[in-house]
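Here the structure is laid out as structure tokens; the discussion comes afterwards.
Every read-out reported here was derived from the displayed coordinates using simple, explicitly stated rules and does not represent laboratory data. Here the structure is a predicted model, which means the values were calculated and not measured. Virtual Cβ from ideal backbone geometry, glycine too; neighbours counted across all protein chains shown.
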Amino acid sequence: MEHLIDIENITKEDIQNIIMLAREFKNGKKKSDVEKQTLALMFYENSTRTKCSFEIAGQKLGMNIINFDANHSSLLKGESLKDTIENLYFLGVNAVVIRHSYSGIINNVMRLVKYPIKFINGGDGTHAHPSQALLDYYTMLEKIGSIDNKKIAIVGDVSHSRVAKSNIKLLSKFGVDIHICAPTYLQFEYLNESNIHYHSNVKAAIDGANVVMVLRVQNERHEKEGYPDSSEYKRLYEIETNLLKQYAANDVILMHPGPANRNIEVSSELLDNTVGKTILEQAQNGVYVRMAILNTLLKGGSNAS
């Protein structure tokens, strides 16, 4: 595994190795192999969980962290992203985590950069968010032991969700029974494989589900017209206590990549009780999974300085 750009480009073995390493880091059984290496966080979109998680992961590994500020960089003077990254490499940066609003931009820039800096996709447009899918998978395994023969429902703004797309790709590698639910204006047929089922009715989607993953309604990515108001979405698709109790499996786990729109896609009552605690555990697990990603990509590496 040279970079982490898309789940599609890594193997089941890569995934299993990252999960195993994350578990070792969490249990205190693994030490860093990447001390003193340097990580640059290049976030062109707002972020709390992903940015802080990578920063804390790097700190725990003994890395040097650079919080790159695009609004006060030479990009505003016309410097290309390619030239910026190559200069960072020669300043001693070993890896960059990039979040950007344009889908596919990381792949495009990576092909242009001539030097062996490592690329990690922190979320690009509506395309992919691979580290989120890995931490979600880790959390599922931690909570339910195995995803074999389990039903996983993904509910919400699927059409704009890079999280959903990366999770679908990852879970499909393991043949999981995936049920996708969204209103018609937020749904698309992403894959036509036999393990993926599409619903517009939330009750059918979560019926007997072992995992219910709720997605944020991404209003900032919607067109100005053509979308019903949030009250209509809430009426038909909000995940709340009674719905979950009536239809999902008794031991269902509730997941959300965050940030959550309270009382729109998921009720505050669920978020604040023991069921909602899993969402906080996702954030916690993200640190250890990202430690595993950084350690895997940078083990044995060096920089230009």
Amide H contacts under 5 Å for residue 101, placed H, 5+ residues apart | 125
Interchain or long-range residues, amide H under 5 Å from residue 213's placed H | 153, 154, 155, 255
Among 234-240, 150-156, the order from most to least packed when residues are scored by Cβ within 10 Å on average = 150-156, 234-240
Among 78, 122, 175: highest mean-square fluctuation, GNM of the chain, C-alpha pairs under 10 Å = 78
What is the ratio of the Cα radius of gyration of the stretch 1-142 to 2.2 N^0.38 Å, where N is its residue count, to two decimals?
-> 1.05
Expressed in nanometres to one decimal, the distance between label points 7 Å along Cα→Cβ at residue 14 and residue 115 is 2.4 nm
Backbone HN-Hα couplings from phi across the stretch 56-70 [Karplus 6.51/-1.76/1.60, Hz, Gly and Pro as x] = 5, 4, x, 5, 5, 7, x, 8, 8, 10, 10, 8, 6, 9, 4
Once the dipole of the stretch 1-42 is set up with Lys and Arg at +1 and Asp and Glu at -1 on Cβ about the Cα centre, which of 25, 9, 42 lies farthest towards its positive end?
-> 25
Over the stretch 1-66, how many percent of alpha carbon pairs lie in each 5 Å bin up to the one with the longest distance?
-> 3, 14, 18, 24, 25, 13, 2
Between residue 36 and residue 101, the two model label points (7 Å from Cα along the beta-carbon direction) sit apart by a distance in nm of 4.1 nm
Going 7 Å from the Cα of residue 232 in the Cα-to-Cβ direction, what parts of the stretch 195-209 have a backbone nitrogen less than 17 Å from that spot?
-> 200-202
How big is the Rg/Rh ratio for the stretch 130-280, C-alpha atoms only, Rh by Kirkwood, two decimals?
-> 0.93
Can you tell me what the convex hull of the Cα atoms of the chain projects to on average, as an area in nm²?
-> 15.8 nm²
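What is the extension gain from residue 197 to residue 83, computed as 0.36 nm multiplied by their sequence separation minus the C-alpha to C-alpha distance, in nm to one decimal? All intermediate terms of the calculation are to be shown ahead of the outcome.
Numbers: separation 114, 0.36 × 114 = 41.04 nm, distance 4.38 nm.
Stretched out fully, the residue 197 to residue 83 stretch lengthens by 36.7 nm.
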Hey, for a label at residue 273 modelled as a point 7 Å past Cα toward Cβ, could you say which residues of the stretch 230-257 have their backbone N under 11 Å away?
-> 240-246
Take the cross-link list 51/151; 151/299; 82/299; 12/299; 143/165; 277/299 and give me the ones stretching past 28 Å between alpha-carbons.
-> 51/151; 151/299; 277/299
Approximate spin-label separation residue 184-residue 90, in nm, with each point projected 7 Å along Cα-to-Cβ | 5.7 nm
How high is the relative contact order of the stretch 130-280, given as a whole-number percent (alpha carbon pairs under 8 Å, six or more residues apart)?
-> 23 percent
If the viscosity is 0.692 mPa s and the temperature 37 °C, what translational diffusion coefficient in µm²/s does Stokes-Einstein give for the stretch 247-305 when Rh comes from Kirkwood over Cα pairs?
-> 234 µm²/s
Once amide H atoms are built 1.01 Å from N in the peptide plane, which residues 5 or more positions from residue 38, or in another chain, come under 5 Å H to H?
-> 64, 94, 95
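Rounded to the nearest 500, what is the chain's calculated 222 nm mean residue ellipticity when only DSSP H runs of at least 4 contribute -39500 (n - 2.57) each, over all residues? Numbers along the way, then the final one.
Values: 11 runs with 119 residues, N = 305.
When only DSSP H runs of four or more count, the value is -12000 deg cm²/dmol.
Of the DSSP beta bridges with both residues in the chain, give the percent that are antiparallel, rounding to the nearest 5. Please report the intermediate quantities before stating the final value.
Numbers: 1 of 35 bridges.
Here the antiparallel bridges make up roughly 5 percent for the chain.
How much length is gained on full extension from residue 146 to residue 245, taking 0.36 nm per residue of separation minus their Cα-Cα distance? Numbers along the way, then the final one.
Numbers: separation 99, 0.36 × 99 = 35.64 nm, distance 2.19 nm.
That pair, residue 146 and residue 245, stretches by 33.5 nm at full extension.
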